[in-house]
Amino acid sequence: MLEHIPHWLGAMLTNVRAGHAKLVIVQDGIVTNGERLDLSSPAFPDGGRLPERFTADGSGVSPPLVWGDVPMGTSSIALIVEDPDAPTPNPLVHAVVWNIPPEERRLGEGMIAKDGDGGADGRDVGKNSYLSEGWLPPDPPTGHGNHDYVFQLFALSQTPDLDPNPGRSSVIEALRGNVLSAGLLVGTYSRGDDAGVGSDSVVEPSLGNRDLGTSLA
């Protein structure tokens, strides 16, 4: 949808962004103990450009993710992916996955997809900002500059009973006071700018995750 915004308009909106301070992971009562969960992808490094196949300019499948061991007592794992650089009041939600089994350590490429009332193991893909299930491929306005796509993973002490296809607001409320550890991974994408060299190549997973105590702004 946003690819149809003309370059001149995207450039004029460069400073219109939701802001990193509105990401779920930095909201009050979400991450309280500072414990970090290692989160990475075999498809791009932390802070690196997303390969085109994961965006609206390619096949638009979700990227693969891997993570480390979760704390003892983890009941389930949740993922939310947001774009804080979107020219919208709040970050644009690109994916929600809820009730991932605590023994799981990965999501394969293309696994964030429409699943109705959820999978056999209890996991459920929720609604993105376009109110549809599954992965919303990055689709930044041409000329708007670089966008961060922030993958936020949470190990939860309890799994609240949510309606099928939970959205952002219900996930935020369910996370508060319930997060044992959290992980952060950032991929970037832009239109009308230099894509860089090797933007569609496979890389080794980065274990250098960002410190949750560092400002995201």
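Descriptive notes on the structure:
- Residue count for region 1-53, restricted to those that are buried (at least 19 other Cβ atoms within 10 Å of the Cβ), small (Gly, Ala, Ser) and modelled with pLDDT under 85: 1.
- In region 117-132, the residues that are open to solvent by less than 40 Å² (accessible area, probe 1.4 Å) and part of a loop (DSSP other than H, G, I, E, B): Gly118, Gly119, Gly122, Arg123, Gly126, Asn128
- Given (1) within 14 Å of the chain's Cα centre (by Cα); (2) under 18 Å from Leu180 (Cβ atoms); (3) open to solvent by less than 10 Å² (accessible area, probe 1.4 Å), number of the condition Ile100 does not satisfy: (1)
- Some residue of region 53-62 being free of Cβ contacts under 8 Å to residues at least 24 places away in the same chain, in contact with a helix residue (DSSP H, G or I) (Cβ under 8 Å, 6 or more places away or on another chain), farther than 14 Å from Val150 by Cα and not aliphatic (A, V, I, L, M): yes
- Check on Pro137, open to solvent by less than 50 Å² (accessible area, probe 1.4 Å) and farther than 28 Å from Gly47 by Cα: no
- Evaluation of Asp148 against (1) charged (D, E, K, R); (2) modelled with pLDDT under 85; (3) touching a Pro at 6+ places or on another chain (Cβ under 8 Å) (one fails), failing number: (2)
- Cβ-Cβ under 7 Å pairs, at least 6 apart or on other chains, region 101-118 side under 25 Å from Glu52 (Cα atoms), far side of a type in the set (Phe, Trp, Tyr): Arg105/Trp67; Ile112/Trp135; Ala113/Trp135
- Whether a residue is polar (S, T, N, Q) and surrounded by fewer than 21 Cβ atoms within 10 Å (Cβ to Cβ) was assessed, and Ser62 does not pass this test.
- The residues of region 71-97 that are crowded, with 24+ Cβ neighbours inside 10 Å, farther than 19 Å from His144 by Cβ and β-branched (Val, Ile, Thr), listed by number, are Ile77, Ile80, Val96, Val97.
- Gly145 being in contact with an Asp or Glu (Cβ under 8 Å, 6 or more places away or on another chain), closer than 19 Å to Gly47 by Cα and in a loop (DSSP other than H, G, I, E, B): yes
- Which listed residue, of Leu180, Leu162, Leu153, is open to solvent by 20 Å² or more (accessible area, probe 1.4 Å), touching a strand residue (DSSP E or B) at 6+ places or on another chain (Cβ under 7 Å) and part of a strand (DSSP E or B): Leu180
- Of all residues in region 165-177, exactly one satisfies the criterion of being surrounded by 15 or more Cβ atoms within 10 Å (Cβ to Cβ), among the polar types (S, T, N, Q) and either closer than 24 Å to Asn33 by Cα or in contact with a Ser or Thr (Cβ under 8 Å, 6 or more places away or on another chain) (or both), namely Ser170.
The values are calculated or read from the model by the stated rules, or taken from the named source; none is laboratory data. Quick caveat: nothing in here was measured; it's all calculated off a predicted structure. Every residue, glycine among them, receives a Cβ derived from its backbone with ideal geometry; neighbour counts consider all protein chains shown. These area figures cover heavy atoms from the full protein model, side chains too; ligands, DNA and RNA do not enter into them. Shrake-Rupley method; radii C 1.70, N 1.55, O 1.52, S 1.80 Å.
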